[in-house]
Amino acid sequence: DTGVSQDPRHKITKRGQNVTFRCDPISEHNRLYWYRQTLGQGPEFLTYFQNEAQLEKSRLLSDRFSAERPKGSFSTLEIQRTEQGDSAMYLCASARTSGATDTQYFGPGTRLTVL
Amino acid sequence: EDQVTQSPEALRLQEGESSSLNCSYTVSGLRGLFWYRQDPGKGPEFLFTLYSAGEEKEKERLKATLTKKESFLHITAPKPEDSATYLCAVQYSSGGSYIPTFGRGTSLIVHP
């Protein structure tokens, strides 16, 4: 399978704990995006990378959230001191730069539950 | 004010009953409009990209069209396996950003 993969698929944690998610993009894709999605809403942008450079972060993104993409391959998203409001589906998408747009392909997501 | 609005929020159809989902947008400088299908508990699955008004794309029972203010996803003779949430997203000129804005989706249920 050459699609986007995410690990873990599900994570249950207690409030105040740190969690880290991993995303492996489609191999030839140079852009990688992180989104958060809650029930009944569309995906909400968090941050994105072009190769290893983090180019943009949502202004709504708390400083408890950090993301990395070492060597421009896989990416990790860490949430420190989790809160119940962080409970959501965290989605990763990758894309290949193509003109004025890029079509993003999503992974299966990581479902986070904060107790 | 939402930049991307999808309607209806939910739609129930009988198998074989054709219908359309709407995605209206208020952004200027559209670069692309995307349709995705999302099954419960899974990530969105890419369906179509539309770039300019008048463009149409088809895939099996689905056909997407685009005007200057909205897009339609037409579903012809739907089957129960077409049940899912359909998401629309737009990419527009904003300082070179490629970040798409998503609508809230239309939840489609097709009854056998």
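Residues that are under 20 Å from B:Thr67 (Cβ atoms), in contact (Cβ under 8 Å) with a residue 60 or more places away in the chain and surrounded by 14 or more Cβ atoms within 10 Å (Cβ to Cβ) within region B:8-21 comprise just one, B:Leu21. The residue that is surrounded by the fewest Cβ atoms within 10 Å (Cβ to Cβ), counting only those in region B:52-81 that are within 14 Å of chain A (Cβ to nearest Cβ) and outside any strand (DSSP E or B), is B:Ser52. B:Arg31 falls short of the stated requirement of being free of Cβ contacts under 8 Å to residues at least 60 places away in the same chain, within 14 Å of chain A (Cβ to nearest Cβ) and under 27 Å from A:Cys23 (Cβ atoms).
The set of residues in region A:38-48 that are buried (at least 22 other Cβ atoms within 10 Å of the Cβ) and either in contact (Cβ under 8 Å) with a residue 60 or more places away in the chain or over 10 Å from the mean Cα position of the chain (by Cα) (or both) comprises A:Gly42, A:Pro43. Checking region B:18-26 against the condition returns a match, with at least one residue being over 21 Å from A:Thr101 (Cβ atoms), in contact with a Ser or Thr (Cβ under 7 Å, 6 or more places away or on another chain), in a strand (DSSP E or B) and more than 13 Å from chain A (Cβ to nearest Cβ).
For every residue, the table says whether it meets (1) under 23 Å from B:Leu33 (Cβ atoms); (2) of a type outside the set (Asp, Glu); (3) assigned to a strand (DSSP E or B).
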{"site": "A:Gly42", "(1), (2), (3)": "yes, yes, no"}
{"site": "A:Tyr48", "(1), (2), (3)": "yes, yes, yes"}
{"site": "A:Leu55", "(1), (2), (3)": "yes, yes, yes"}
{"site": "A:Ser62", "(1), (2), (3)": "no, yes, no"}
{"site": "A:Lys71", "(1), (2), (3)": "no, yes, no"}
{"site": "A:Glu78", "(1), (2), (3)": "no, no, yes"}
{"site": "A:Thr103", "(1), (2), (3)": "yes, yes, no"}
{"site": "A:Pro108", "(1), (2), (3)": "no, yes, no"}
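Filtering B:Thr49, B:Thr85 for residues that are more than 18 Å from A:Arg36 (Cβ to Cβ), in contact with a strand residue (DSSP E or B) (Cβ under 7 Å, 6 or more places away or on another chain) and buried (at least 17 other Cβ atoms within 10 Å of the Cβ) leaves a single hit, B:Thr49.
The set of residues in region A:1-38 that are part of a loop (DSSP other than H, G, I, E, B) and either within 12 Å of chain B (Cβ to nearest Cβ) or closer than 23 Å to A:Arg96 by Cβ (or both) comprises A:Asp1, A:Thr2, A:Gly3, A:Val4, A:Arg9, A:Pro25, A:Ile26, A:Ser27, A:Glu28, A:His29, A:Asn30, A:Thr38. Within region A:65-108, take every residue that is in contact with a Pro (Cβ under 8 Å, 6 or more places away or on another chain) and of a type in the set (S, T, N, Q) and give me the one that is modelled with the highest pLDDT. Among those residues, the one meeting the criterion is A:Ser75.
Looking at region A:6-30, which of its residues are within 16 Å of B:Gly41 (Cβ to Cβ) and among the polar types (S, T, N, Q)? Of everything in region A:6-30, just one residue is within 16 Å of B:Gly41 (Cβ to Cβ) and among the polar types (S, T, N, Q), namely A:Gln6. Only one entry of B:Asp2, B:Asp39 meets the criterion of being at pLDDT 95 or above, surrounded by fewer than 17 Cβ atoms within 10 Å (Cβ to Cβ) and under 19 Å from A:Arg36 (Cα atoms), and that entry is B:Asp39. I'm trying to understand the selection: among the residues of region A:59-105, which are among the aromatic types (Phe, Trp, Tyr), closer than 16 Å to A:Ser27 by Cβ and within 14 Å of chain B (Cβ to nearest Cβ)? Across region A:59-105, the qualifying residue is only A:Tyr105.
The values are calculated or read from the model by the stated rules, or taken from the named source; none is laboratory data. Remember, it's a predicted structure, so these values are computed and weren't measured experimentally. Every residue, glycine as well, gets a Cβ built from its backbone with ideal geometry; the counts of neighbours run over all protein chains shown.
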